[in-house]
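Each remark here refers to the structure printed beneath this line.
Only the coordinates and a few stated rules stand behind these numbers; no lab work does. Owing to the predicted nature of the structure, the values given are computational and were not obtained by experimental measurement.
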Amino acid sequence: MAMSDEDEDRGFTVVDRRGAGGDEVAAERPDEGRRAQPVGEPRNPEAALPAVDFPTFVISLGTSALYHLGAVGDPESGEPVEAPNLQLAKHVIDTLEMLERKTQGNLDDEEERLLTSLLYDLRMRFVETSR
């Protein structure tokens with residue numbers, strides 16, 4: 001069944017049929033009338049996002065690991081991290097290691113050097129931070 005624009009703008013209604021005595025309880029959507037920012041749309045429309053390619057993806061993961069290690073500040077505020085989160089840092093490093101295994105033999109020389117050197121740097125920083 002196709003929805004009209006008017007139906008889409010109304011949000012949704014939750015009906016709880018578990019009420020006492022069989023009474024139905026309806027709850028309107030709390031943020032009705034507000035529109036969420038579309039996924040993938042930058043907060044600052046003037047800022048251009050980099051192309052999605054392997055090096056950009058790997059660097060993004062590396063930056064995430066550095067953030068969790070406390071080596072870089074919050075991307076929006078620039079504030080330093082209160083305390084490193086070694087568990088999350090290790091998870092990101094493990095993800096990069098998995099990418100290294102799964103892409104073995106399929107990367108060009110530059111991509112392979114990037115991934116290898118990034119992993120080396122992250123591992124060393126992880127060891128330093130965990131002391």
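Counting only Cα atoms, the size of segment 43-130 along its three principal axes is 39, 39, 16 Å, in decreasing order.
Mean separation of Cα pairs under 8 Å and 6+ residues apart, divided by the residue count of segment 54-130: what relative contact order is that in percent?
Details: 67 pairs, mean separation 26.3, N = 77.
About 34 percent, as a whole number.
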